[in-house]
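Right, one structure below, let's go through it.
The values are calculated or read from the model by the stated rules, or taken from the named source; none is laboratory data. Since the model is a prediction, treat every value here as computed from it, not as a measurement. Methodologically, a virtual Cβ is constructed for each residue, glycine included, from the backbone with ideal geometry; neighbour enumeration extends over all protein chains shown. Each accessible area value is taken on the protein alone, full model and side chains, heavy atoms only, with ligands, DNA and RNA left out. Shrake-Rupley method; radii C 1.70, N 1.55, O 1.52, S 1.80 Å.
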Amino acid sequence: MKYKHAFAVGNLCMAMGMIVMLGSLGYTLLTHIFPLGLPEFLSDISLMGIFIGALVWLAGARIGGRETIAERYWWLRNHDERYRRHDNHRYP
């Protein structure tokens with residue numbers, strides 16, 4: 001798969017996973033807060049939908065190439081040996 005197509009498919013999967021997670025979370029909260037009279041198994045399925053959405057989102061991140069840790073994070077750049085900048089300058 002070409003980079004553009006992998007990037008687009010990854011973004012699409014990430015968007016779908018986020019929509020499923022937020023929809024499932026909203027449905028779960030609404031059924032627990034307001035008595036809607038819906039079957040109990042739908043609430044259980046919506047709880048499972050949160051995790052399924054997270055897996056789809058992670059799969060999209062993997063396909064799109066966004067699963068790596070970026071070097072721009074301050075803690076990693078300054079305190080992790082693997083990501084620390086090794087500047088060989090004169091003044092410590």
note = When the range 13-55 is checked residue by residue, the ones that are hydrophobic (A, V, I, L, M, F, W, C), in contact with a helix residue (DSSP H, G or I) (Cβ under 7 Å, 6 or more places away or on another chain) and touching a residue at least 24 places away in the same chain (Cβ under 8 Å) are CYS13, MET14, MET16, MET18, VAL20, MET21, LEU25, ILE50, ILE52, ALA54
note = Over the range 15-38, the set of residues at pLDDT below 90 and open to solvent by less than 60 Å² (accessible area, probe 1.4 Å) is THR28, THR31
